[in-house]
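To start, the structure itself, in structure tokens.
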């Protein structure tokens, strides 16, 4: 074994951004060299700084640099890094037992998580859940459930969608590079239709829905569709918030045609958009809802929750997995949900929205290189374009993100055209860190727009 080059985690936890070296620093660069020899090249990282500790909305790297986290591990640490209730429950559970497999000898934590999901997810109908490890697993199993329950095969998805990296969910994902290129053939009976992208299509919600529904009825037939799967706000595709009326119209068509409406709330769930789930913004009640990411404060856990009769359509043994609903992950989820409730993190997400959106819009007006500012809660984005046009500017987007990284602020990019900077801060992020991180972003945009 090679001796570790990482510094010991710092104590007490830092409370502000601090740069002691360039980014990445010498110890992170040394670790990067080791990684090159040991880790598959297909696994990439946004920022090659090697984290040794994290607290709240701050990351400390091996060189002692402290970075503001506007990424939350891609919308995972909604409750902040190392949230006390999560840590406490995980520590206790690890002392009791770490695994038995719920399919062998069950345990109360799994049941408690399913009870909590029945309470929190949209709708007052009878609900049941099944637990897995990742968002892709949840989406794939939602499709399995819909197919068994309806006896149909076709699955409808949308332009700019992202649903995961398994074979089925790669087929459901829209963007080829890097998610699909070279990995085919993909699962059959997946059909893609236009969604709602107000900045680029100019359609109202009902108009966009009518276009999608017309495509489905002409090319597939409503009586052949098992499920329509969609993200209430598209994530990797560019944080695209559909025009109002789009989601209710799609949901209504599903009800009328016996189609299972599946909401992929892997990225939007658990207070991220200012409510527990984004579907509730327009009072849409999914038949099935796939969740993951923010559910467990950083531990791997996902779920499919929905109408009890749909979940029970699958015979015993048809759903599950060795690690699905691992007891430590369930403990983390219960601590995470407790934190969201006691700290009212849905309101915190709205607070973040109230600070960020006006500043991004002012920056767009000032610089002329941001074509659209959008999002809800703490799921916010700026789409970069060449000044005076709607042409995507992916190069500027990369430069802005890199400038933020050099200054110690972790931001992420996304979008079909690679031209969106997305902000996903922990919902518990302190006001001063939010302000400081935004100031760094604003400076980066102004500087790079003039370059």
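Each peptide in 77-85, 278-286 gets a packing score, the mean of other Cβ atoms within 10 Å over its residues, and the list from highest to lowest is 77-85, 278-286.
How far, in nm, would the chain grow between residue 13 and residue 125 when pulled straight, counting 0.36 nm per residue and subtracting the alpha carbon separation?
Full extension from residue 13 to residue 125 adds 35.9 nm.
One chain, two ends: residue 30 and residue 362. Fully extended at 0.36 nm per residue, the span grows by 115.5 nm beyond their Cα-Cα distance. The length gained on full extension between residue 91 and residue 244, counted as 0.36 nm times the residue separation minus their Cα-Cα distance, comes to 50.7 nm.
Run a plain Debye calculation on segment 13-154 (Cα atoms as equal point scatterers, no solvent) and give log10 I(q)/I(0) at q = 0.10, 0.16, 0.17 Å⁻¹, rounded to two decimals, same order as the q list. So the normalised log intensities work out to -0.58, -1.10, -1.15.
A Förster radius of 22 Å, combined with the Cβ-Cβ distance separating residue 82 from residue 355, puts the computed FRET efficiency at roughly 0.40.
The distance from the alpha carbon centre of segment 215-293 to that of segment 347-369 is 26 Å, rounded to a whole number. Each part gets one Cα centre, and for segment 416-442 versus segment 137-203 those centres are 29 Å apart. Between residue 435 and residue 398, what is the FRET efficiency for a Förster distance of 35 Å, r being their Cβ-Cβ separation, to the nearest 0.05? The calculated FRET efficiency here is 0.90.
Annotation: Cα Rg of segment 92-181 relative to the compact-globule expectation 2.2 N^0.38 Å equals 1.36. Normalised by the number of residues in the chain, the mean separation of alpha-carbon contacts (under 8 Å, six or more apart) gives a relative contact order of 21 percent.
Quick one: work out the % antiparallel among DSSP beta bridges in segment 85-342, nearest 5. For segment 85-342, the DSSP antiparallel bridge percentage is about 45. Spin-label pair residue 391-residue 283: with each label point 7 Å from Cα along the Cα-Cβ axis, the two points sit 4.5 nm from one another. Binning all Cα-Cα separations of segment 85-342 at 10 Å, short to long from zero, yields these whole-percent fractions: 7, 32, 36, 19, 5, 0. Label-to-label distance, residue 99 versus residue 39, with points set 7 angstrom from Cα along the beta-carbon direction: 2.2 nm.
Values quoted throughout were computed directly from the atomic coordinates according to the rules given, and no laboratory measurement underlies them. Please read all numbers here as calculations on a predicted model, not as lab measurements. All Cβ positions, glycine included, derive from the backbone under ideal geometry; neighbour counts span all protein chains shown.
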